[in-house]
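Accompanying notes for the structure given below.
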Amino acid sequence: MRPIAVLLAFAVLLTRALPAQRPDSLSDEVRKYIAVDTAVVALTHALLIDGTGSAPQPDQTIIIRNGRIAEVGPAAKVAVPDGAKTMDLTGHTVTPGLVGMHDHLFYTAAGGRAVQMSYTGPRLYLASGVTTIRTTGGRAPYAEINLRHAIDRGVVPGPRIHLTAPYLTGSEGGGSMAVVSSPEEARRFVAYWASEGATWIKAYTDISRAELGAAIKEAHKQGIKVTGHLCSVSFREAVALHIDNLEHGMLTASDFDPSKQPDVCPVSTIGRNNAADVHGATAQSVISTMVKAKVPMTSTLAVYEPFVANRPTKEPRVLNAMAPAVRDDYLKLRNEIDSTGSGPIAAEGLKNAMAFEKAFVEAGGLLASGVDPTGIGGALAGFGDERNYELFIEAGFTPAQAIQIMSANGARILGVQQKLGTVEKGKLADLVVLKGDLTADPTVIRNPTVVFKDGIGYDSAKLIESIQGRVGID
């Protein structure tokens, strides 16, 4: 595998019904995390950021009935139904459930450790307010298929899962990825995984244009979609092949590397992109090409940050969640990065990535987000999704824009925007209750108290307690 890939270690159809899950269908294992299971719930006097992009609305009441949002509006105008469980949310913020668009169910860490997160992953995502995920590349796909079924049946707690097939790469790749050397092999791979229920294909760094183009055509024939963490194929080349989504943003776009040769991933891309002109002709061309073709992009700022020196990357709750050996390896590497003052990604590179995403949105691009719990292990499932909000605010987005990116935009890309992603009447009651005013303090995103999925309220603290010291084990 090429150095760029090692560095970042990035290493049912979409239209299926989304019925509301009810408490009487849940196992004892799930029920022990439930804080609210009343059929009718009134969340009163909350500050609401509804995911539509509208300005935050103070003193709002949200009525949940049988798993859906029955009413939402000013507290003075929305009557609380008789018999409803009422939660006074004065001093709290409510957002839609987050939609994680690069949320693997495996974890990689400093020292080369890689494990499937069948236990810690779904609990951390749900605890952090992430009620829907797209796996965006699998290492153990049948473990993920089985986990999705278990969550859907109410056997274990977790978010809704949109399955992505194993990684699809070219002849320079390997490991747990599918290596293809011809368009026919790419078509066969896509057809097989579509038959297994995958709704997305993830193309990786060393795939060629011919193989990627064949995969995209077959995916569209099968009624599924393709995204990519690319390098051998540039963003603009992928758009010309009709790709449906692009991952990670500027730092993986080989369009910015003047040494780029056709169908070859240049090892210099990260270094060159650190210093690329985010407002230059290449950036403008990439953005305009994507926007014109309506190809969305997934932001994963949280997984970049641990590679950057002297960033706030040692949050106690993150360290406490890690298995002790994982924590030790992570801190050792982070201390090395901080002591030298220069990490594999420069501080300017992170700022450029932020600015590129801001420019993409300002040009009319559709931006979503996800954690990508890989790299050196500092961006954990769920916690990293939350951290993205703080990084979006640092990048200059408003709270309303950041929440829209993290909820409604992901739902649009998944094709489920009519059912979830915003706090609107008739939609599934996926809601996050945060202690504090998120518009005044970005760190409030770290404070979920209750996370509603299908109108069932889960105790965030209990879910987090259940995974302490286990990330990096299971």
### Message
Going by what's in this entry, would residue 56 be described as open to solvent by 10 Å² or more (accessible area, probe 1.4 Å), closer than 18 Å to residue 422 by Cβ and either at pLDDT 95 or above or touching a helix residue (DSSP H, G or I) at 6+ places or on another chain (Cβ under 8 Å) (or both)?
### Response
yes
### Query
Taking the stretch 177-217 only, how many residues are assigned to a helix (DSSP H, G or I), out of contact with any helix residue (DSSP H, G or I) (no Cβ under 8 Å at 6 or more places or on another chain) and of a type in the set (A, V, I, L, M, F, W, C)?
1
### Message
Go through (1) on the phi < 0 side of the Ramachandran plot; (2) in contact with a helix residue (DSSP H, G or I) (Cβ under 6 Å, 6 or more places away or on another chain) for residue 220 and report which single condition fails.
### Response
(2)
### Query
Is at least one residue of the stretch 398-407 part of a loop (DSSP other than H, G, I, E, B), farther than 27 Å from residue 68 by Cβ and not hydrophobic (A, V, I, L, M, F, W, C)?
yes
### Task
Return the total of residues in the stretch 16-51 being at pLDDT 95 or above and of a type in the set (Lys, Arg).
2
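A quick yes/no check of all residues on (1) assigned to a helix (DSSP H, G or I); (2) open to solvent by less than 10 Å² (accessible area, probe 1.4 Å):
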position: 243; (1), (2): no, yes
position: 260; (1), (2): no, no
position: 279; (1), (2): no, no
position: 286; (1), (2): yes, yes
position: 306; (1), (2): yes, yes
position: 310; (1), (2): no, no
position: 317; (1), (2): yes, no
position: 320; (1), (2): yes, no
## Note on the structure
The condition from (1) in contact with a Pro (Cβ under 6 Å, 6 or more places away or on another chain); (2) open to solvent by less than 10 Å² (accessible area, probe 1.4 Å); (3) assigned to a loop (DSSP other than H, G, I, E, B) that residue 432 misses is numbered (3)
### Query
When the stretch 376-400 is examined, which residues are found to be of a type in the set (Ser, Thr, Tyr) and surrounded by fewer than 24 Cβ atoms within 10 Å (Cβ to Cβ)?
398
### Task
Residue by residue through the stretch 68-77, note down the ones that are open to solvent by 10 Å² or more (accessible area, probe 1.4 Å) and more than 27 Å from the chain's Cα centre (by Cα).
70, 71, 74, 75, 76, 77
### Summary
residue 257 fails exactly one of (1) touching a Leu at 6+ places or on another chain (Cβ under 8 Å); (2) closer than 26 Å to residue 101 by Cβ, namely (1)
### Query
What residue, of 459, 437, is open to solvent by 10 Å² or more (accessible area, probe 1.4 Å) and either more than 28 Å from residue 37 (Cα to Cα) or in contact with a Phe, Trp or Tyr (Cβ under 6 Å, 6 or more places away or on another chain) (or both)?
459
## Note on the structure
Subset of the stretch 245-258, residues under 24 Å from residue 346 (Cα atoms) and open to solvent by less than 50 Å² (accessible area, probe 1.4 Å), comes to 246, 247, 248, 249, 250, 251, 252, 253, 254, 255, 256, 257
### Task
Provide a single number: the residues in the stretch 400-413 that are of a type outside the set (Ser, Thr, Tyr) and touching a Leu at 6+ places or on another chain (Cβ under 6 Å).
4
#### Entry: Criterion: in contact with a Ser or Thr (Cβ under 6 Å, 6 or more places away or on another chain) and among the basic types (Lys, Arg) - qualifying residue of 435, 419, 427
435
### Task
Restrict the check to the stretch 153-176 and report whether at least one residue is farther than 17 Å from residue 225 by Cβ and of a type in the set (A, V, I, L, M, F, W, C).
yes
### Query
Among the residues of the stretch 377-400, how many are of a type in the set (A, V, I, L, M, F, W, C) and more than 13 Å from the chain's Cα centre (by Cα)?
6
### Query
Which of (1) in contact with a His (Cβ under 6 Å, 6 or more places away or on another chain); (2) open to solvent by 10 Å² or more (accessible area, probe 1.4 Å) does residue 373 not meet, given it meets every other one?
(2)
### Query
From the residues in the stretch 401-421 that are open to solvent by 10 Å² or more (accessible area, probe 1.4 Å) and over 15 Å from the mean Cα position of the chain (by Cα), which one is farthest from residue 89 (Cα to Cα)?
415
### Summary
The residue that is most open to solvent (accessible area, probe 1.4 Å), considering only those in the stretch 288-304 that are part of a helix (DSSP H, G or I), closer than 13 Å to residue 240 by Cα and not small (Gly, Ala, Ser), is 292
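The values are calculated or read from the model by the stated rules, or taken from the named source; none is laboratory data. Small disclaimer: the values here were computed from a predicted structure and weren't measured. A quick note on method: Cβ atoms are made from the backbone with ideal geometry, for glycine too, and the neighbour counts reach across all protein chains shown. With ligands, DNA and RNA removed, areas are computed over all heavy atoms of the protein, side chains included. Shrake-Rupley method; radii C 1.70, N 1.55, O 1.52, S 1.80 Å.
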